[in-house]
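**Q** Let me begin by handing over the structure; questions about it come next.
The values are calculated or read from the model by the stated rules, or taken from the named source; none is laboratory data. Remember, it's a predicted structure, so these values are computed and weren't measured experimentally. So basically every Cβ, Gly included, is an ideal-geometry build from the backbone, and we count neighbours across all protein chains shown.
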Amino acid sequence: MPSSQTLETFDLAERYLRLMRLALTRSLPGSNYAEILPNSKTVSKALRHAAYSAVQRALRPFRLSIVQTNRSSGETMMGMGALDNLHSAMHQVIASQVPGDFVETGVWRGGGTIYMRAFLEAHQIPGRQVWVCDSFEGLPNPKDEYQTMPSAPIDQIAVLRLDGDMYESTIVVLEHLYPKVSPGGIVIIDDHGMLPECNRAVEDYRSKYAISEPLRIIGYVSDNPLGAYWCKD
Ligand SMILES: C[S@@+](CC[C@H](N)C(=O)[O-])C[C@H]1O[C@@H](n2cnc3c(N)ncnc32)[C@H](O)[C@@H]1O
């Protein structure tokens, strides 16, 4: 807890942030509240999940994957597990006084960065920026030149969240922004486990620079790891 905050305002901030996570994932009850599915649909959903997992496993040796966009209606594609992980990462760097800004590369509708901003506001943390990096027109051609990342005017990073879906979008960000991550800073790779090309980019970068800090899995979907992070020593 930042020293200037009382327990009461800290608790209020945390309750507001919990509400924010529900709103950004459109998980709040409302007029669009999902019906409870009858059993027959639940069974067919389970079968669909089993088939999906089997296909993912079969594709993995070929470094291919089916991408499932299961949050097309929220302000973020993140589920609650990924948002909770982002929340913990921000708490950790603030508690350890790790200097630097919060950055997300690949933001889609911006829900992740809205959450970063909300966190800073709710806990009244001054002096940190939130950087929002995207083409704002969808995935570029992997063969396009990546001009803008080397010139991004970002000096120091405490939390770096990568969610660019492609080998190029991941490796270019690591090459240019990882050196700016402060010791104690946290690097989150949203696509790790889901997209083999993203795994390859992370493995290439970590082995090139002999990064040995353990890569920790954020969660699992149908037994498949989804998302990972490490803390820079
Ligand atoms: C999976 S979405 C990001 C989801 C987002 N983090 C969230 O929480 O909802 C991937 C985003 O990456 C962006 N992107 C991927 N590669 C890019 C690149 N090389 N340059 C700019 N934007 C890129 C796309 O435009 C898209 O918005």
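**Q** Could you tell me which numbered condition Ala118 fails, if it satisfies all but one of (1) in a helix (DSSP H, G or I); (2) more than 17 Å from Leu24 (Cα to Cα)?
**A** (2)
**Q** Still on this structure, I have one more. If I filter region 80-107 down to residues being assigned to a loop (DSSP other than H, G, I, E, B) and surrounded by 19 or more Cβ atoms within 10 Å (Cβ to Cβ), which single residue comes out as nearest to the ligand (Cβ to nearest atom)?
**A** Within region 80-107, the match that is nearest to the ligand (Cβ to nearest atom) is Gly106.
**Q** Which residues, counting only those in region 141-168, are touching a Gly at 6+ places or on another chain (Cβ under 6 Å) and either surrounded by fewer than 16 Cβ atoms within 10 Å (Cβ to Cβ) or not in a strand (DSSP E or B) (or both)?
**A** Those that are touching a Gly at 6+ places or on another chain (Cβ under 6 Å) and either surrounded by fewer than 16 Cβ atoms within 10 Å (Cβ to Cβ) or not in a strand (DSSP E or B) (or both): Gln156, Asp163, Gly164.
**Q** Under the condition of being touching a residue at least 40 places away in the same chain (Cβ under 8 Å) and among the acidic types (Asp, Glu), which residue from region 186-226 is farthest from the ligand (Cβ to nearest atom)?
**A** Asp223
**Q** Here is a further query. Looking at region 154-185 only, could you name the residues that are among the aliphatic types (A, V, I, L, M), more than 14 Å from Gln129 (Cβ to Cβ) and within 15 Å of the ligand (Cβ to nearest atom)?
**A** First, pick out the residues of region 154-185 that are among the aliphatic types (A, V, I, L, M): 154, 157-160, 162, 166, 171-174, 177, 181.
Checking the rest, the ones that are also more than 14 Å from Gln129 (Cβ to Cβ) come to 162, 166, 171-174, 181.
Correct list: Leu162, Met166, Ile171, Val172, Val173, Leu174.
**Q** A further question follows. Just checking, does region 222-231 include any residue being under 15 Å from the mean Cα position of the chain (by Cα), modelled with pLDDT of 90 or more and not hydrophobic (A, V, I, L, M, F, W, C)?
**A** yes
**Q** A further question on this structure: Any residue in region 89-115 that's without any contact (Cβ under 8 Å) to a residue 60 or more places away in the chain and closer than 15 Å to Lys232 by Cβ: show its pairings with residues that are assigned to a loop (DSSP other than H, G, I, E, B) and within 16 Å of the ligand (Cβ to nearest atom) at Cβ separation under 8 Å, as long as the two are six or more apart or on different chains.
**A** That search, which allows pairs on different chains as well, returns Asp101/Ile154.
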